[in-house]
1. Take the range 80-91 and flag every residue that is within 13 Å of LEU129 (Cα to Cα) and not β-branched (Val, Ile, Thr).
2. Could you list, in sequence order, all residues of the range 95-108 that are open to solvent by 30 Å² or more (accessible area, probe 1.4 Å) and of a type outside the set (A, V, I, L, M, F, W, C)?
3. Tell me which residues, restricted to the range 134-162, are farther than 19 Å from ALA201 by Cα, hydrophobic (A, V, I, L, M, F, W, C) and surrounded by fewer than 24 Cβ atoms within 10 Å (Cβ to Cβ).
4. Could you please tell me which pairs satisfy a Cβ distance under 8 Å, a separation of 6+ or placement on different chains, a first residue in the range 181-206 that is assigned to a loop (DSSP other than H, G, I, E, B), and a second residue that is hydrophobic (A, V, I, L, M, F, W, C)?
5. Quick one: what pairs do we get from the range 131-159, first residue closer than 14 Å to LEU120 by Cα and not assigned by the TED database to the domain that holds SER88, second open to solvent by less than 50 Å² (accessible area, probe 1.4 Å) and of a type in the set (Asp, Glu), C-beta under 6 Å, 6+ apart or different chains?
6. If we scan the range 150-158, do we find a residue that is more than 23 Å from the chain's Cα centre (by Cα) and either under 20 Å from LEU71 (Cβ atoms) or outside any helix (DSSP H, G or I) (or both)?
7. Are any residues in the range 114-133 in a helix (DSSP H, G or I) and open to solvent by 50 Å² or more (accessible area, probe 1.4 Å), and if so, which ones?
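The values are calculated or read from the model by the stated rules, or taken from the named source; none is laboratory data. In this text the structure is predicted, and so the values were computed from the model without any measurement. No Cβ is skipped: glycine too gets one built from the backbone with ideal geometry, and neighbour counts run over all protein chains shown. Quick note on the areas: whole protein, heavy atoms, side chains included, nothing else; ligands and nucleic acids left out. Shrake-Rupley method; radii C 1.70, N 1.55, O 1.52, S 1.80 Å.
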Amino acid sequence: MEKQATESRRARLHGRVVLAAVAGCAVLGTVLMLLPAERTATRAPGPAPGAQALTAVAAGVSAALPDLAALIGERESRLRRHPEDAQSWAVLGTAYVEQGRRTADTTFYAKAEDSLRTSLKVRRSAEALEGLAVLANTRRDFRTARTWGEEARQLEPRRWTTYPALIDAYTGLGDYKAARGALERLTELRSGPAVMARAAAVYRDRGAKDAAAQLADAA
């Protein structure tokens, strides 16, 4: 009788061990499925320097100088093969403006103007008009910047990157009402740190108290 009871206890214990093993395998399998891929797996390559600079320039923010130089080199090379590429001329012109602004080398501004006007000759676009507005603002020729910026806005009213150039032009001319209107349109079309920083600059110029808060939010 005692022998049968011992065997019964052993059978129950064996059953528990088997169940625990099965449950452990199930848990382990689930964990393995949830784990990320092996660390030794090859990561996807990041964007090329020229592509990074293009993204920055298109968004109206500063690009790293090495990336900017790479972008300029890429566009110059492409335009030697495809001189009728209006968009590449516009991108090159805008990149020249940024390069001149960052390095304080005004020779880039003449290159920028030639590139942007060449783009317009090939095909009239808001991108080239906007680039000319940015260039004129950089030269502190705010009347010309306003003219180019308003032409770009008429051509593509929903192109948000035109509005910062217009804000700079209106502010430079002391037309704060127009600058505020351009800012309101900009915030309707776009959000994010770059837009908040632009809003803070407008408020600062008008002496508004919430400029510091806007800058803090942008940071």
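1. ALA86, GLN87, TRP89, ALA90
2. Hits for the range 95-108 are ARG101, ARG102, THR103, ASP105, THR106, THR107.
3. Passing the criteria: only LEU155.
4. Hits for this filter: ARG190/TRP160.
5. ALA152/GLU130
6. Checked the range 150-158: no residue is more than 23 Å from the chain's Cα centre (by Cα) and either under 20 Å from LEU71 (Cβ atoms) or outside any helix (DSSP H, G or I) (or both).
7. Once the filter is applied, which keeps residues that are in a helix (DSSP H, G or I) and open to solvent by 50 Å² or more (accessible area, probe 1.4 Å), the range 114-133 yields ASP114, ARG117, LYS121, VAL122.
Matching residues to (1) closer than 20 Å to THR94 by Cβ; (2) aromatic (Phe, Trp, Tyr); (3) out of contact with any helix residue (DSSP H, G or I) (no Cβ under 8 Å at 6 or more places or on another chain); (4) surrounded by fewer than 23 Cβ atoms within 10 Å (Cβ to Cβ):
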| site | (1), (2), (3), (4) |
| --- | --- |
| PRO164 | yes, no, no, no |
| ILE167 | yes, no, no, no |
| GLY172 | yes, no, no, yes |
| ASP175 | no, no, yes, yes |
| ARG180 | no, no, no, yes |
| GLU184 | no, no, yes, yes |
| THR187 | no, no, no, yes |
| SER191 | no, no, yes, yes |
| ALA200 | no, no, no, yes |
